[in-house]
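**Student:** Below is a structure I'd like to ask you about.
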Amino acid sequence: MIAKVRERLAVGKQAAQRFDRQRFNLRKLNEPEVREQYQIEITNRSAALENANDDEDVNRTWENIKGNIETSAEESLGLHELKQNKPWFDEECLGFFLDQSKRAKMQWIQDPSQSNVAVLNNVRREVSRHFRNKMKAYLRVKIEELETNSKIQNIRDLYSGINDFKKGTSLDVI
């Protein structure tokens, strides 16, 4: 025998769990109108389910109940939206500044003269300055939001905002 080869396919637990179910926007249940609408939908669907045949299989009944709850939640609460990694990066950043940077780089690639190098460096500096200012403004707003959450003792939003900072946003940018 020359060698033993062992092959293994591993899928991360979090990656596998992330795609198997829908997440609903449960924070909307704090609003009284939405909560009432959700309760009404659940009671209507459960009333329709009670009128169904009692001779059905237990698993089928459970699937019907589960489906009714999910459709009611999706209609009244909506799905939870995923957070954007860089919320300060908007259409202005994507459009004008990146296009300007690409044009300057293409001009430098076609003609690598000193003037084109200077233009490219100026454009890069300007784009970086713009991005830095956008991020600073976003961080100011986010910190003010955390302060208001702290003052009104909205602890859940306060700690979720703090955790966003811990995951990669540096506080010393301000």
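**Student:** Has segment 29-51 got any residue that is at pLDDT 80 or above, in a helix (DSSP H, G or I) and within 30 Å of Lys166 (Cα to Cα)? Talk me through it step by step, then tell me what you get.
**Tutor:** Initially, segment 29-51 is screened for residues at pLDDT 80 or above, giving 29-47.
Subsequent filtering for residues that are in a helix (DSSP H, G or I) retains 29-30, 32-47.
From the residues that got through so far, the ones that are within 30 Å of Lys166 (Cα to Cα) too are 29-30.
Yes, segment 29-51 contains at least one residue that is at pLDDT 80 or above, in a helix (DSSP H, G or I) and within 30 Å of Lys166 (Cα to Cα).
**Student:** Any residue that is of a type outside the set (Phe, Trp, Tyr) and within 22 Å of the chain's Cα centre (by Cα) - is there at least one of those in segment 99-115? Break it down into steps so the answer makes sense when it comes.
**Tutor:** In the first step, residues of segment 99-115 are kept if they are of a type outside the set (Phe, Trp, Tyr); the result is 99-107, 109-115.
Now restrict to residues that are within 22 Å of the chain's Cα centre (by Cα): none.
There is no residue in segment 99-115 that is of a type outside the set (Phe, Trp, Tyr) and within 22 Å of the chain's Cα centre (by Cα).
**Student:** Next up: For Asn133, state whether it is in the same structural domain as Ile109 (by TED's automatic domain parsing), loosely packed, with under 12 Cβ neighbours inside 10 Å, in a helix (DSSP H, G or I) and modelled with pLDDT of 85 or more.
**Tutor:** It is true that Asn133 is in the same structural domain as Ile109 (by TED's automatic domain parsing), loosely packed, with under 12 Cβ neighbours inside 10 Å, in a helix (DSSP H, G or I) and modelled with pLDDT of 85 or more.
The values are calculated or read from the model by the stated rules, or taken from the named source; none is laboratory data. None of these values were measured; they are calculated from a predicted model. Note that we place each Cβ from the backbone using ideal geometry, even for glycine, and neighbour counts take in every protein chain shown.
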